[in-house]
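The values are calculated or read from the model by the stated rules, or taken from the named source; none is laboratory data. Everything quoted here is computed from the prediction, not taken from an experiment. Because the Cβ atoms are built from the backbone with ideal geometry, glycine has one as well, and the counts that use them run over all protein chains shown. Just so you know, the surface numbers come from the protein's heavy atoms only, side chains and all, with ligands and any DNA or RNA stripped out. Shrake-Rupley method; radii C 1.70, N 1.55, O 1.52, S 1.80 Å.
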Amino acid sequence: MFFKSNRKGFLLLAMLLCFCILCFGCGKPRFAKPAGQPLYTLTDATGTAVAFMHKPQRIVSLSISTDEILLDLVAAKRIVALTTYVDDVGISNAVVKAKAVQGRVQPGSNPEGILALKADVILLPDFTNADTIQSLRELQQPVYVYKTPYDVADVRACIKELGQVVGEEQAAQHILAKMDARLNELQQKLGNIPSAKQKRVIFMSDKGAYYSPKHSFNDICRFAQVQNALAELHFDKPVTVAQETIVRLNPDAFILSGWVDSTDQEPDALAHNLRHDAAYASVRAVQDQAIYPLSAKHLLCLSQYIVEASFDLARAVYGQDL
């Protein structure tokens, strides 16, 4: 009786051992990727299916937004090159982090120059010249084109998408959680400002006031509990607003970018012109000297740092220590 019982036990043990070998092999994963098959495939903004045989280990960024996102997504050693903009303290939030990456690329560079970087993936925004994208693809380069963000929701989607591209979804979720925490912090500090008491502002440049229903400044205002006065005009497409319209809107403050490219006027000069332009003399923003140049690395950015622009704006117009 004892022998029969042990025999049954040995048989069960042997069957279990065979099952484990069949399911898991000799230490190999049961669901191992078949040889020659992509680890994952993603469709980019151009509708092109981009196959990844492994997590990209040699990544090239061709926009300041992806520079900033990548430096929080992956180890610096996985980035071959960032854009030259990443070193500009006026526009970059990642000057210090970027020092860990040696390579730099000028946006719009010759495709042949990018070829020498031997990238696993080249990340480009969808506003990149179509000929450049086509040339890189004809050179058999691993191009992935992402959709340009226009607001905070788009930025979040972009971070999530890039996390999938580089195989770091968990890191992307961590970035998004930090964004949420900062926005919640701002909400807690501001409380709920009634619409009637919210400051009305206009974002000015030396070319006038530009408005688009799809523009990051609208969200920056919303989270800062500030009203973009130009939204009151209900334009359904981008437009540069006439001076007389700006005077009629009579905003509480003018917002300026604290950074300029080669075609823009310095913010101090622009502020001086606004203060001394007779056409704006009756505007509340001028009368109250409420002309605020804000940090462009936040105000103009389309990465996770966009949330800091709402802090900057709220500080400026409400004078709070946020």
Determine whether the range 184-200 contains at least one residue that is surrounded by fewer than 15 Cβ atoms within 10 Å (Cβ to Cβ) and touching a strand residue (DSSP E or B) at 6+ places or on another chain (Cβ under 8 Å).
yes
Which number in (1) in contact with a strand residue (DSSP E or B) (Cβ under 9 Å, 6 or more places away or on another chain); (2) surrounded by fewer than 19 Cβ atoms within 10 Å (Cβ to Cβ); (3) more than 16 Å from residue 206 (Cβ to Cβ) marks the one condition that residue 268 misses?
(3)
Selection within the range 102-116 - part of a loop (DSSP other than H, G, I, E, B) and open to solvent by 50 Å² or more (accessible area, probe 1.4 Å):
102, 106, 108, 110, 116
Test for residue 132: is it out of contact with any helix residue (DSSP H, G or I) (no Cβ under 7 Å at 6 or more places or on another chain) and either on the phi < 0 side of the Ramachandran plot or in contact (Cβ under 8 Å) with a residue 12 or more places away in the chain (or both):
no
Testing residue 291 on (1) touching a helix residue (DSSP H, G or I) at 6+ places or on another chain (Cβ under 6 Å); (2) under 23 Å from residue 177 (Cβ atoms), one condition comes back false. Which one is that?
(2)
Residues located in the range 306-320, provided they are modelled with pLDDT of 95 or more and either within 13 Å of residue 255 (Cα to Cα) or open to solvent by 40 Å² or more (accessible area, probe 1.4 Å) (or both):
309, 310, 312, 313, 314, 315, 316, 317, 318
For a quick check of your reading of the model, give me the residue pairs whose first member lies in the range 65-93 and is within 23 Å of residue 110 (Cβ to Cβ), whose second is open to solvent by 20 Å² or more (accessible area, probe 1.4 Å) and polar (S, T, N, Q), with beta-carbon atoms closer than 6 Å and at least 6 apart or on different chains.
84/106
Qualifying positions in the range 132-159 - in a helix (DSSP H, G or I), touching a Leu at 6+ places or on another chain (Cβ under 7 Å) and either of a type outside the set (A, V, I, L, M, F, W, C) or surrounded by fewer than 18 Cβ atoms within 10 Å (Cβ to Cβ) (or both)
156
Look at the range 217-253 and say how many of its residues are open to solvent by 40 Å² or more (accessible area, probe 1.4 Å) and of a type in the set (Phe, Trp, Tyr).
2
Go through the range 206-258 and give me each residue that's farther than 19 Å from residue 148 by Cβ and assigned to a loop (DSSP other than H, G, I, E, B).
206, 207, 225, 226, 234, 235, 236, 242, 250, 251, 252, 258
Among the residues of the range 117-128, is any of a type outside the set (Gly, Ala, Ser), in a helix (DSSP H, G or I), open to solvent by less than 10 Å² (accessible area, probe 1.4 Å) and under 17 Å from residue 71 (Cα atoms)?
no
Hey, any hits in the range 193-213 for a residue that's closer than 15 Å to residue 306 by Cα, β-branched (Val, Ile, Thr) and in contact (Cβ under 8 Å) with a residue 40 or more places away in the chain?
no
Residue 99: passes all of (1) surrounded by fewer than 16 Cβ atoms within 10 Å (Cβ to Cβ); (2) within 19 Å of the chain's Cα centre (by Cα); (3) within 29 Å of residue 170 (Cβ to Cβ) but (2)
